[in-house]
Amino acid sequence: MSLTRRTMLRGAGALPFLAGNPGFSALAQTVSTPRVVADVPPVLFVHGNGDHAALWITTLWRMESNGVPRERMLAINFTDPLARTDDKVEQANRSSTEDQRRELGEAVKELQRRTGASRIALVGNSRGGYSIRNYIRNGGGADISHAVLCGVPNHGIYEWGEGLGGEFNGRGPFLRGLNEGESEVTPGTAFLTLRSDGIDKYAQADGRFVGKPGTPTGVTSDSPALKGATNLVLGALDHREVAFHPRAFREIYKFIAGREPSRIEIVPETEIKLSGLVTGTPGGVVTNRPVSGATVEIYRVSADTGERTGGPIHSSQTGADGRWGPAQVEPGWYLEIVLTSAGSPATHFYRSPFPRSSDVVHLRAARPLGPADAGAAAVVLMSRPRGYFGLPRDVVLIDGREPKDVKSGVPTDSVTTLRLPAEEVGRPVVAMFNGERIVARAWPASENRIAIAELTY
């Protein structure tokens, strides 16, 4: 949909919806059509280890809300987003640093072709920053005006004498190659690093978050900083929030555009179309390989009970490209998105209202029911893809209680699981994270079904 066809919500009728949006301040902001900006370079967003393009959805919306046209942005899906154990040793459905550099280069050329721009900006989270640095350093610097590295473990997650072939080892050849020299950035590209003030789980002095409690990692919370870059500390944000939080958006936009954003809140649209990609987990390994023959159904549900208000408002089956949609919805609708694909549990995603259109509403089926679920008649997950649950930092409640499987202190968990007995199958389950509230339904595990309350913010 082009910008000229977008009509923004105006006036008091928009305020109740916007007030529930965690990025909105009704007193400080007003809703208006954003001015199209012509001086911001095209932007390519790069996800991290095991992730996909959908993690950038709120950042894309905020960019659009500041006048950056949708067609001047792209979010990559790496085919195999998980790193190899040893970068030089082939591993099924996992990628090397060279694989990522090559795919990123192809995406850069595609965005240049699409926009006619000679130079673009790159924004990456976590492992995505490795591919950005690798691409720029090894031949792509002339294409890139700005590089924003969010929570990227630029000096490794650990510095150990063993496992030198792993790309996350600061002593290994990959990171030593990127960091050699007086400056750790490539001249000609402006670099910004964003990092947490001590609660990034991959920038910790103790090895407990990489399976070796009590063993020094050799890195600190300053590990993401680079000599020669602009380095900013964003406060008590976790490993993912330093990319996807509104606070991170402000710095990303300001660095690329050269000025403050005109707004932080997401400006809603009245006409919303959703589509995305269904991806699979061959051999239990998460990939972005398309799944064909999967069925996607969408229902409008009650915000209070999670119960369907009628039949499906959308139904489609994926082809060889794995794409589903488009589905047209309204901005105030709470949704249930049901993904059915061979060999996987039927997955019921419950989502809070989508304020804007998106073509990166990507879906992966829930993990199979396992031994930990034995005896449970229903399994309900609460998932936060764009950050972790921080206790006591955040309000995290599922079914009216703080989850027992979320650890306090440094935020490390993005999923919590609720298991229910037979007499509670079919009832509503309320998931709350700070200002976002989603009500899911407990579907019977006996039918190989799992419900996920998937947070947007």
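Bear in mind these aren't lab numbers, they're just calculated from the coordinates by the rules spelled out. Because the structure is predicted, anything quoted here is derived from the model rather than measured. Ideal geometry is used to build each Cβ from the backbone, glycine not excepted, and the neighbour counts take in all protein chains shown.
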Want the number for Asp222 to Lys407: 0.36 nm per residue separation, take away the alpha-carbon distance, what's left? 64.3 nm
Under 5 Å between amide hydrogens, which residues at least 5 positions from Leu391 or on another chain qualify, with H placed 1.01 Å from N in the peptide plane? Gly409
If a paramagnetic tag sat 7 Å from the Cα of Lys273 along the Cα-Cβ line, which residues of the stretch 62-90 would have the backbone N under 16 Å from that point? 70-72
Could you name the lysines whose alpha carbon sits less than 26 Å from that of Lys227, not counting residues in the same chain fewer than 8 places away? Lys201, Lys254
Sparse-neighbourhood loop sites, GluC sites (Glu not before Pro) in the stretch 170-211 - DSSP loop, at most 12 other Cβ within 10 angstrom: Glu180, Glu182
Listed residues Pro69, Gly141, Phe349: farthest to the positive end of the dipole of the chain (Cβ charges): Pro69
Please enumerate, by chain and number, the aspartates and glutamates with C-alpha under 19 Å from the C-alpha of Lys212, excluding those fewer than 8 residues away in the same chain. Asp86, Glu159, Glu162, Glu167, Asp200, Asp413
Pick out, in residue order, every one of the trypsin sites (Lys or Arg not before Pro) in the stretch 229-265 that is DSSP loop and has at most 13 other C-beta atoms within 10 Å; say none if there are none. Arg259
Per residue of the stretch 431-441, in order, report the coupling 6.51 cos²θ - 1.76 cosθ + 1.60 (Karplus, θ = phi - 60°) as ³J(HN,Hα) in whole Hz, putting x for Gly and Pro. 10, 10, 9, 6, x, 9, 10, 10, 10, 9, 10
Efficiency of FRET from Cβ geometry, Leu397 and Ala205, R₀ 30 Å, rounded to 0.05: 0.40
Note down the magnitude of the dipole of the stretch 305-398 about its Cα centre, charges +1 on Lys and Arg C-beta and -1 on Asp and Glu C-beta and zero elsewhere, to the nearest 20 debye. 240 debye
Sorted by chain and number, the residues with a modelled amide H under 5 Å from that of Ser292, at a separation of 5 or more or across chains, are none
Taking a crude spin-label model, label points 7 Å out from Cα along the C-beta direction, the Thr215 to Ala142 distance in nm is 4.4 nm
To the nearest 0.05, what FRET efficiency results for Arg250 and Ala342 with a Förster distance of 45 Å applied to their C-beta separation? 0.55
Of the DSSP beta bridges with both residues in the chain, give the percent that are antiparallel, rounding to the nearest 5. 55 percent
Show the residues, 5+ positions off or on another chain, whose built amide H is closer than 5 Å to the amide H of Ile452. His348, Phe349, Tyr350, Leu381
Just to be sure I understand the model, the point goes 7 Å from the Cα along the line to the Cβ. What's the resulting Arg35 to Arg114 distance in nm? 2.6 nm
What is the distance in Å between the Cα centres of the stretch 332-401 and the stretch 170-217? 31 Å
Mind checking the dipole of the chain: about its Cα centre, +1 per Lys or Arg Cβ, -1 per Asp or Glu Cβ, Debye to the nearest 20? 720 debye
Length-normalised contact order of the chain in % [C-alpha pairs under 8 Å, at least 6 apart]: 13 percent
Phi angles of the stretch 215-227, converted by Karplus (6.51 cos²θ - 1.76 cosθ + 1.60, θ = phi - 60°) into ³J(HN,Hα) in whole Hz with x for Gly and Pro, give 9, x, 7, x, 10, 9, 5, 8, 3, x, 5, 10, 5
Sum of -39500 (n - 2.57) over DSSP H runs of 4+, divided by residues of the chain (222 nm, nearest 500): -4000 deg cm²/dmol
The stretch 208-347: C-alpha gyration tensor shape, a/c 1.5 cut-off, then a/b vs b/c: oblate
Loop-resident sites, the stretch 88-156, for GluC sites (Glu not before Pro), counting at most 16 other Cβ within 10 Å (DSSP): Glu90
